[in-house]
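Laboratory data are not the source of any read-out in this text; all were calculated from the coordinates shown. If you're wondering where the values come from, they're calculated on a predicted model, not measured in any experiment. Heads up, the Cβs are rebuilt from the backbone with ideal geometry, glycines too, and the neighbour counts pull from every protein chain shown.
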Amino acid sequence: MLVLSRHRDESIMIGDDIVITVVDVRGDKVRLGIDAPTDIPVHRQEVYDAIQRERQQSKPIDSEANSQ
């Protein structure tokens, strides 16, 4: 894991297309602005995990193909 220190209004580049900007720091919370192409999904970790669980649950179970 790369760990970087940034102040408010400073940014981090990921590749050529993604910019992470520190918008605000209040106590132990940091607000980040993320500028990324629309074809790259950006989610909070807990939302990403919920999406992954939903995808796992919605996968069809093909028991007929397994029994042959």
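Within the stretch 8-26, the only residue that satisfies the criterion of being among the basic types (Lys, Arg) and outside any loop (DSSP other than H, G, I, E, B) is Arg26.
Of all residues in the stretch 27-47, at least one satisfies being surrounded by 10 or more Cβ atoms within 10 Å (Cβ to Cβ) and assigned to a helix (DSSP H, G or I).
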